[in-house]
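Reviewing the structure listed below.
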Amino acid sequence: MNLEMFASQRKDSLLAEAVQLLDQSIAETRTISHLLHPPLLDEAGLSSAAKWYLEGFAQRSGIEVKVDLPEGAGRLPKPVALGLFRVLQESLTNIHRHSNSAKAEVALELYPDRVLLKVRDYGKGVPPELLENFRTDGTSTGVGLAGMRERIRELGGQLSIQRCAPGTAIFVTMPLPERAEGTTAAAAD
């Protein structure tokens, strides 16, 4: 605010540029904070937050994203929803940075005892040596892949990567014991 007041009193183009850069920095910081933990994730659930994120990703990257997300994903436990959202973000970041794919697919399937997230691209595919390192817990799989695997393991889930023709697919399976118990309890009532 002080910069704006100073800029309005003086007609200095450098000061005006500084105000513009500051405004841009504030907007980008807000965007980053929403991407780190979108309010929609807590308010409306995983499907709504993922749809919001995917729309923005498609606009920013130019990658066409086919989406298949059920509305019932709003009832997922918060740690599971956040874990799946983080894997979705990292997977799409990898697609954008490494795959050279013009399109991606994201699907979420809900079962009584588990949830399955699939993220696929149609790019050049994961190099076989990277995939082998990932499968054998090698250290050269990169921070993003290792982080995804550890996050999902901590939540009791499994993450796998498969080469496709063309492209790569990431599969995450997360158990939902609370959901299964809640369903059983609701049926008993």
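Some observations on this one:
- Pairs with Cβ under 6 Å, 6+ apart, first in segment 52-78 and within 11 Å of residue 96 (Cα to Cα) and free of Cβ contacts under 8 Å to residues at least 60 places away in the same chain, second β-branched (Val, Ile, Thr) and buried (at least 16 other Cβ atoms within 10 Å of the Cβ): 58/65
- Hits in segment 141-169 - residues which are closer than 15 Å to residue 121 by Cα and crowded, with 16+ Cβ neighbours inside 10 Å: 161, 167, 168, 169
- In this structure, residue 172 qualifies as surrounded by 13 or more Cβ atoms within 10 Å (Cβ to Cβ), in contact (Cβ under 8 Å) with a residue 60 or more places away in the chain, out of contact with any Pro (no Cβ under 9 Å at 6 or more places or on another chain) and in a strand (DSSP E or B).
- Condition check for residue 99: at pLDDT 85 or above and in contact with a Lys or Arg (Cβ under 8 Å, 6 or more places away or on another chain): yes
- Qualifying position, being at pLDDT 95 or above and in contact with a Phe, Trp or Tyr (Cβ under 7 Å, 6 or more places away or on another chain), among 118, 66: 118
- Cβ separations smaller than 8 Å between residues 6+ apart or across chains give the following pairs from segment 91-118 residues that are free of Cβ contacts under 8 Å to residues at least 60 places away in the same chain to residues that are aromatic (Phe, Trp, Tyr) and in a strand (DSSP E or B): 116/171; 117/171; 118/171.
- Matching entry among 102, 107 (being surrounded by fewer than 20 Cβ atoms within 10 Å (Cβ to Cβ), among the hydrophobic types (A, V, I, L, M, F, W, C) and within 13 Å of residue 169 (Cβ to Cβ)): 107
The values are calculated or read from the model by the stated rules, or taken from the named source; none is laboratory data. From a predicted model like this one, the values you see are computed outputs, not experimental measurements. In this analysis, Cβ positions are derived from the backbone assuming ideal geometry, glycine residues included, and neighbour counts consider all displayed protein chains.
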